[in-house]
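Presented below is the structure to which this report refers.
The values are calculated or read from the model by the stated rules, or taken from the named source; none is laboratory data. All values derive from a computational prediction rather than experimental measurement. Methodologically, a virtual Cβ is constructed for each residue, glycine included, from the backbone with ideal geometry; neighbour enumeration extends over all protein chains shown. Just the protein is used for accessible areas: all its heavy atoms, side chains included, with ligands, DNA and RNA removed. Shrake-Rupley method; radii C 1.70, N 1.55, O 1.52, S 1.80 Å.
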Amino acid sequence: MFVDAAEPLKLLHPDELPSRESQLCALQNTKEFDVLVVGGGATGSGCALDAVTRNLKTALVERDDFSSGTSSRSTKLIHGGVRYLQKAIMKLDYEQYMMVKEALHERSNLLDIAPHLSAPLPIMLPVYKWWQLPYYWAGIKMYDLVAGGQCLKSSYVLSKAKALELFPMLKKDKLVGAIVYYDGQHNDARMNLAIALTAARYGAATANYTEVVRLLKKTDPQTGTERVCGARCKDVITGKEFDVRAKCVINATGPFTDSVRKMDDEKISNICQPSAGVHIVIPGYYSPDNMGLLDPSTSDGRVIFFLPWEKMTIAGTTDSPTDVTPHPLPREEDVNFILNEIRNYLSPDVEVRRGDVLAAWSGIRPLVTDPNSKDTQSICRNHIVNISESGLVTIAGTTYRAMAEETLDSAMKAHKMKSSKCNTVGLVLEGGKDWTPTLYIRLVQDYGLEMEVAQHLASTYGDKAFDVAKLAKVTGKRWPVVGKRLVSEFPYIESEVQYAIKEYACTAIDIIARRTRLGFLNVQAAEEALPRIVEIMGKELKWSEQKKKEELEAAKQFLYYEMGSKTRSEQLTNTEINLTPADVDRYKNRFHKFDKQKKGFITVVDVKHVLESISVQIDENTLHDILNEVDLNKNGQVEFNEFLQLMSAVQKGRVSGSRFAMLMKTAEENLDEREAVSVDRSGGGV
C-alpha cells in the first residue's frame with residue numbers, strides 16, 4: 001500500500017496562489033483525481049493536505065467558505081483534553097487515556113508547524129476548598145506526565161495572594177489557592193485557512209463555494225457492485241455545474257456528515273448527534289492579558305473556559321442538543337448561563353453586565369456514533385473512520401492531522417491504492433517557514449506600520465505579512481506611513497481585504513468572519529467597517545451597485561443573527577422602564593436640553609444644534625447611526641419613552657457603551673458648565 005516517495009516534497013506554487021478561477025478549471029478539466037475531499041473545515045483541509053503531500057492527485061470542495069462552520073467557532077484552544085484524563089483515571093478507561101495522549105502529541109505538532117498562529121497559554125484553576133488542592137494538583141501533574149517531552153511548561157501551585165496578583169478580578173472569598181497549567185491557543189479560522197492554503201500550494205485543486213449536488217457512481221466490473229467515483233459539483237457563485245471524478249471520495253463535512261452519507265445510501269441511519277456550543281466575547285478588562293481560567297464544575301456540571309483572545313475575553317462553552325443547520329444562532333439563555341457562571345468566579349467589584357457582550361456565536365460540534373458498533377447509542381469520544389459498501393470514506397472527530405493520517409491510510413487500503421506514507425508531522429503551514437517572534441519589528445521599520453498593526457499582521461500571516469504590507473496604501477499622515485485601519489479600535493487594515501481575495505475570499509462575510517475576526521470580536525465595529533470592505537471588494541471583483549447592496553445586507557444579517565447582534569439589540573427592546581421618579585425627572589431634563597420645543601421626540605437636527613452650541617462636530621451619517629441604535633420603531637426620531645427605555649437598560653447593565661446615552665450625558669454636562677460660567681460672569685464684575 002505504501003511506497004517510498006519518488007522525490008522530496010516541493011511546493012508547486014511557492015509564490016502566487018492559483019486563483020479560484022484556475023482552481024475551478026483544474027477541477028473541471030482533470031480527467032480523474034486520486035482523492036476528492038468534500039468539506040473545507042479543519043478535518044477536510046487536513047485530509048487534502050495529507051493526500052497531496054503523499055503525491056496523490058487531490059481535490060477539495062467546500063460549499064461555503066473554508067472554516068465557515070465549526071472550525072471558526074471553537075474555544076480557540078489547542079488542548080490535550082485535560083477533562084478526559086480525569087475520566088480515564090477515575091474509570092480506568094484506556095481509550096480515554098489514548099485520546100489524551102494523541103491530543104497532546106497533536107497540540108505539540110501544531111505549535112511547531114504554525115508558530116505564528118499558536119502559542120502556549122497558562123490557564124488557572126481556582127480552588128475554593130482545601131481538599132481540592134491536592135486532588136486537582138495530582139490530576140494536572142498527571143497531565144504533564146502524559147505529555148512527557150511534549151509538555152509545554154510545567155504546571156504549578158499558587159497561594160491565594162499570588163493567584164490574586166496574577167488574576168486580580170478573581171473572587172477572594174473562600175479562595176485557598178490555584179493551580180496553573182498550560183495548553184495551546186490559536187486563531188482557529190486562520191489555522192484552518194492556513195491548512196487549506198498549504199494544500200493548494202502543494203498542488204491540491206481547492207475551491208470554496210463549490211457544493212456537492214450528488215455523488216457519482218459506476219458499476220465495478222469485477223464485483224458488479226456500485227462504487228462512488230466522484231461528485232457532481234456546483235459553483236455556488238455562478239450556478240455552473242460540473243463533474244469531478246476521483247478514485248476515492250472522502251466525506252469530511254462535520255455536522256453535515258449524514259447528508260453526504262445519504263447521497264450514497266438514502267436508507268442509511270444517522271450517526272451524527274450534533275451538540276451546540278455557545279461562546280461570548282466581552283471586553284479585555286475582564287481577564288488578564290495572558291492568563292486564562294477554567295471552571296471545572298459549573299452549576300450544571302459543564303466545563304467553562306474564560307480566556308484572553310485577540311485583546312478581548314472569550315467565555316464558553318455551553319453544550320446542548322441541536323438540529324444541524326448551516327447558520328446556528330446563539331440563544332439568550334446560553335448567553336445568560338455563561339454570564340452567571342462568570343459572576344460566580346469574579347470579584348463582586350467587577351460588575352458582569354449583559355451589555356458588555358460584544359459578540360456571541362454558536363458552533364455545532366459533530367458528536368458521532370460508530371456505525372460498526374453494536375451499541376448504536378454510544379457516542380464516539382475520539383473519532384471514527386467509516387467506509388461504506390460503495391467505497392465512500394467518512395471521517396468525523398476533533399484532532400485534524402492524526403484523523404487525516406488515519407483516514408488516508410484506511411482509504412488507500414480499502415481502495416487498493418498506492419501512496420507514500422504520511423508526511424504532515426512537522427510540515428510547516430502557510431506563513432510559518434520564515435516567521436520569527438521579532439518579525440513585526442521589520443514590518444514597522446521597512447513599511448512604517450503602527451506597531452499594533454505590525455504585530456497583528458505577523459501573528460496572522462506569518463512570513464506572508466510582507467505581501468499584505470506591500471498592498472497597504474499611504475495614509476498621508478506623519479505616522480503611520482502606511483496602513484489605513486478598517487475601524488479605529490482594531491488593527492485590521494484595508495490592504496487585508498485586497499489580500500483576502502487572493503486567499504479565496506468571495507464575500508464580505510468571509511472578510512469579517514474568517515480573514516479578519518472582526519465579526520467574532522465586536523459586531524458593532526464589524527458593521528461600522530462593512531461599507532468600506534464592500535467598497536474595496538467591489539472594486540477588486542468588479543461588483544455592480546446591486547451586488548454591493550446585496551453583500552452589505554447579507555453581512556448585516558450574518559452579524560444580526562449569527563454573531564449575537566439580535567440578542568444584543570433585544571436587551572433594549574425587551575427592557576421594561578423601571579426608574580424612580582427622581583430618575584425620570586433627571587432624564588426628562590436631559591431630554592429637554594435637546595427637545596427644546598418639547599415635541600416629545602429628538603431628531604438628528606436637534607442633536608446637531610446642541611452639538612454646534614458646544615463646538616462639537618460629528619459627521620451626519622454617524623449621527624444617524626447613533627440615533628438609529630435607540631430608535632426602536634425606526635421612524636427616524638427618538639421618543640421620550642424610547643430614551644427612558646434606553647436609560648433603564650443602561651442602569652440594569654443590559655446595555656453598555658451606548659453612544660446615544662453617552663452623547664446626551666456629555667452634552668448636558670457641557671451645557672450646564674456653560675450656563676454656570678455665564679451666570680458667574682454676569683454677576684462678578686471682575
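Key figures
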quantity: The stretch 245-302-the stretch 594-618 distance, computed between alpha-carbon centres (Å); calculated: 49 Å
quantity: Derived scalar couplings ³J(HN,Hα) [the stretch 555-571; Karplus, 6.51 cos²θ - 1.76 cosθ + 1.60; whole Hz; x for Gly, Pro]; calculated: 5, 5, 5, 4, 5, 5, 8, 8, 10, x, 5, 5, 5, 5, 5, 5, 4
quantity: Estimated FRET transfer efficiency (Arg343, Ser410; beta-carbon r; R0 56 Å; 0.05); calculated: 0.75
quantity: With DNA, RNA and ligands ignored, accessible area of Ser297 (1.4 Å probe; Å², nearest 10); calculated: 70 Å²
quantity: Descending semi-axes in Å of the stretch 1-152, equivalent ellipsoid built from Cα gyration tensor; calculated: 40, 18, 15
quantity: Between 0 and 90°, nearest 10: helix 451-461 axis offset from the chain longest Cα axis; calculated: 20 degrees
quantity: Volume of the Cα convex hull of the stretch 58-144, divided per residue and given in Å³; calculated: 152 Å³
quantity: Hz values of 3J(HN,Hα) by residue in the stretch 252-259 - Karplus curve (6.51, -1.76, 1.60), Gly and Pro given as x; calculated: 10, 9, x, x, 9, 3, 5, 5
quantity: Sites excluded, GluC sites (Glu not before Pro) in DSSP loops with at most 16 other C-beta within 10 Å, longest stretch of the chain; calculated: 33-265
quantity: From phi via Karplus (6.51, -1.76, 1.60), per-residue ³J(HN,Hα) for the stretch 41-54 in Hz, x at Gly/Pro; calculated: x, 4, 5, x, 5, x, 5, 5, 5, 4, 5, 5, 7, 9
quantity: Unit charges on C-beta of K, R, D, E only; dipole of the stretch 500-597, Debye; calculated: 280 debye
quantity: Neighbour cut-off at most 11 other Cβ (10 Å), DSSP loop, chymotrypsin sites (Phe, Trp or Tyr not before Pro), the stretch 74-135; calculated: Trp130, Trp131
quantity: Extent along principal axes [Cα atoms of the stretch 215-297; Å; largest to smallest]; calculated: 65, 36, 21
quantity: Tilt relative to the chain, helix 604-613 - C-alpha long axis, 0 to 90 degrees, to 10; calculated: 60 degrees
quantity: Neighbour cut-off at most 10 other Cβ (10 Å), DSSP loop, trypsin sites (Lys or Arg not before Pro), the stretch 213-278; calculated: Lys267
quantity: Residues whose placed amide H lies under 5 Å from that of Val249, excluding near-sequence neighbours; calculated: Leu36, Val393
quantity: Volume of the Cα convex hull of the chain, divided per residue and given in Å³; calculated: 198 Å³
quantity: Helix 20-29 axis, angle to the chain major axis (alpha carbon atoms, nearest 10°); calculated: 20 degrees
